[in-house]
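Take a look at the structure below.
The values are calculated or read from the model by the stated rules, or taken from the named source; none is laboratory data. Model, not experiment: these values are computed from the prediction. Neighbour counts run over all protein chains shown; Cβ positions are idealised from the backbone, glycine included. What goes into the accessible areas is simple: the full protein's heavy atoms, side chains included, and nothing from ligands, DNA or RNA. Shrake-Rupley method; radii C 1.70, N 1.55, O 1.52, S 1.80 Å.
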Amino acid sequence: MADPSSYRPKPGQIPDSPGVYKFRDEHGRVIYVGKAKSLRQRLASYFQDLAGLHPRTRTMVTTAAAVEWTVVSTEVEALQLEYTWIKEFDPRFNVKYRDDKSYPYLAVTLNEEFPRVQVMRGAKKKGVRYFGPYGHAWAIRETVDLMLRVFPVRTCSAGVFKRSAQIGRPCLLGYIGKCSAPCVERISAADHRELAEEFCDFMAGRTGAYLRRLERQMQEAAEEMEYERAARLRDDIGALKRAMEKSAVVLADATDADLIAVAEDELEAAVQIFHVRGGRVRGQRGWVTDKVEAVTTGDLVEHALQQLYGEEQGDAVPKEVLVPALPEPVEPVSQWLSHRRGSQVSLRIPQRGDKKDLMATVGRNAQQALALHKTKRASDLTTRSRALEEIAEALGLDSVPLRIECFDISHLQGDDVVASMVVFEDGLARKSEYRRFQIKGRVGDEQVWHGQGQDDVRSMHEVTARRFRRYLQEKQRSGEWTEEPAEDAPVEADGPLDPGAGRPVDEDGRPKRFAYPPQLVVVDGGAPQVAAARRALDELGIDDVAVCGLAKRLEEVWLPGEDDPVVLPRSSEGLYLLQRVRDEAHRFALRYQRTKRGKRLKASPLDAVAGLGDTRRQALLKHFGSLKKLRDATVDEICEVPGVGRKTAETVVAALAGAAPSAPAVNTATGEIIEDDGAPPAALSAERGQER
């Protein structure tokens, strides 16, 4: 625990101007980001007597080891920079709204030649029009089913669309009138796009003019005695009205607004949002957060606004935002919202009338959400705390292991050997910290084993050594470790789970790949694997990380140097947590191993031909029918394929001549020998039983 006075800046060093500040821990990780109208006054408030600080603020300043700041010109810039840094560094002491589900949206893919209506979740994509969020996907499908009668927009996937175009026959929706069938050119691309835009206009709340137009057309058809057409228009109007009835009218003046309500206690807060468009509730969502800092209701509202609109532009930010309390000060937040919308945004507290009544309804939803969350979480927190305490007691640890890392090795009969590292913090999976490794059979410059035989023990030694060598390298880079490192080559970069995750931290505090040590390392295996992991740590001089192994056969916990395992009761929460960690590591390793093997099986000698792209490669295989026949072809025969010149043909012949023909593939279900067509055999099910 750090003494805040050890890193307190001198008063004259801190500027008296707007800015954003960051607190870092001893590993250089950013643990808190804040903004201030006056950096000098705000930072001084953190370095007063610890007894006078809020308990969570006191924990933050004693966890931190340094503070730094960036001066900006306006409070609006400070608000934007604070949001950017919170998204980038994910500080543990900032308010972070979490949700237990991904809300579905009704999406129209206007970025495609033939726009498609579908249900979408997750991050929003450019060029796609979104409506919602909705509470349930079935609510979207019911609405779309009603509206397709009037707006028969494409809803099929790209594969179904392409297949229908190839066979010249639409799918079922095209036959029953719920799709205009652009796949078979019943409607042009321009007309189909216009239809999709009308669908979007109706969903956006511009319903009155369209309904009046349909009613006028129905009357004209009836006057001209086109009764069948009039009846269809009547049914269309009814379908649209039923779709509209699914969204209750809450505001009579066709208001576009978002209403945000907060329910809170000393430890947590729940936020509920109603999205009102055209006077109707078009969507609802909610979040819950731990109050890891001393925050007011206005602060919670400000964080919610950042979460809601930080990535939005234009009409996605409504004209009016109604809140239970205003941030302090309110002007920078209002200016920031107006800038994101491109026009004036009203941020206010409703005082009377329908909007105040609706805000009360949103508030009741927030209270219910907080009560439900506490009912679920109370048991969860107690269980996880008990599990960590049981693990610490069983393994003889000085404190509970708040960060656990688990390693597993996966291969198929010795081929495609890979490893995984999963991370659990406070008993919960932290997937952004997951890592995967390709086992290379060496540590540093030393080749420790050869061949492709199974050797889980040496693989475990390698992956553990590589992970903790990176930890020591990062520690040395940040200046926390000043001794000379062991003579070892830099370890190869091990693939992060996703792009942008796992970059090393420089001076700016971005996430490092292996920067933070665990309190406990769990390996999937028994005494040999545990001994290998412990030996790797000892070789690196790391003695403050505990190691254990969980053997699958009897679920025994093995410790280094012990002849007998630790047997936890089957009903133990600690054993259950270790099993979850082990099973997650196994799942992650197996998925990577299958992906790696799949890429290898799909590899073709044609992939290595310089200048031969996918189009010409497919043309060659289509022309000759299989890779075997292509290998037997002459240069002149290959030149007959459209788009393939003589130089390319010679390169193809040379590449195929140098590649050894693969063994014939066999269908394990029928025993049939599959013709070599340049693609991998489909029958891989027999291999699955050999995977580890």
Limited to the range 68-84, what total is found for residues that are exposed (fewer than 15 other Cβ atoms within 10 Å of the Cβ) and within 28 Å of the chain's Cα centre (by Cα)?
-> 1
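Every residue, every condition in (1) without any contact (Cβ under 8 Å) to a residue 24 or more places away in the chain; (2) among the β-branched types (Val, Ile, Thr); (3) crowded, with 17+ Cβ neighbours inside 10 Å, yes or no:
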| site | (1), (2), (3) |
| --- | --- |
| Ser5 | no, no, no |
| Gln13 | yes, no, no |
| Phe23 | no, no, yes |
| Glu26 | no, no, no |
Which one is farthest from Gln593 (Cα to Cα), of the residues in the range 393-435 that are open to solvent by less than 10 Å² (accessible area, probe 1.4 Å) and not in a strand (DSSP E or B)?
-> Pro401
Are any residues in the range 638-656 open to solvent by 30 Å² or more (accessible area, probe 1.4 Å) and assigned to a loop (DSSP other than H, G, I, E, B), and if so, which ones?
-> Glu640, Pro642, Gly643, Gly645
Search the range 28-53 for residues being touching a residue at least 60 places away in the same chain (Cβ under 8 Å) and either β-branched (Val, Ile, Thr) or open to solvent by 30 Å² or more (accessible area, probe 1.4 Å) (or both), and hand back the single one that is farthest from Arg92 (Cα to Cα).
-> Lys37
Which residue, of Ala107, Ala65, is of a type in the set (A, V, I, L, M), out of contact with any Pro (no Cβ under 6 Å at 6 or more places or on another chain) and open to solvent by 20 Å² or more (accessible area, probe 1.4 Å)?
-> Ala65
Check every one of the helices (runs of 4 or more DSSP H) wholly within the range 129-238 and list those with 3 or more residues that are touching a helix residue (DSSP H, G or I) at 6+ places or on another chain (Cβ under 6 Å) and open to solvent by 30 Å² or more (accessible area, probe 1.4 Å).
-> 208-223
So is Leu612 of a type outside the set (Val, Ile, Thr), modelled with pLDDT under 90, in contact with a Phe, Trp or Tyr (Cβ under 7 Å, 6 or more places away or on another chain) and over 21 Å from Glu389 (Cβ atoms) or not?
-> no
Being open to solvent by 50 Å² or more (accessible area, probe 1.4 Å) and either without any contact (Cβ under 8 Å) to a residue 60 or more places away in the chain or closer than 17 Å to Val33 by Cα (or both) narrows it down to one of Leu305, Leu326, so name that one.
-> Leu326
The range 132-154, residues that are touching a Phe, Trp or Tyr at 6+ places or on another chain (Cβ under 9 Å), of a type outside the set (A, V, I, L, M) and at pLDDT below 80 | Gly132, Pro133, Tyr134, Gly135, Thr143
Leading residue by the ranking (modelled with the lowest pLDDT) among those in the range 557-576 that are surrounded by fewer than 17 Cβ atoms within 10 Å (Cβ to Cβ) and charged (D, E, K, R) | Arg570
Tell me, please, whether a residue that is at pLDDT below 50, of a type in the set (Val, Ile, Thr) and open to solvent by 60 Å² or more (accessible area, probe 1.4 Å) can be found in the range 475-485.
-> yes
Residue identified as assigned to a strand (DSSP E or B), out of contact with any Leu (no Cβ under 7 Å at 6 or more places or on another chain) and farther than 23 Å from Trp85 by Cα among Gln367, Gln344, Gln284, Gln351 = Gln284
When you go through Ser334, Ser346 one by one, which is the residue that is small (Gly, Ala, Ser), in contact with a strand residue (DSSP E or B) (Cβ under 7 Å, 6 or more places away or on another chain) and without any contact (Cβ under 8 Å) to a residue 24 or more places away in the chain?
-> Ser334
Based on what the data block shows, is Arg58 surrounded by 16 or more Cβ atoms within 10 Å (Cβ to Cβ), more than 28 Å from Arg477 (Cα to Cα) and not β-branched (Val, Ile, Thr)?
-> yes
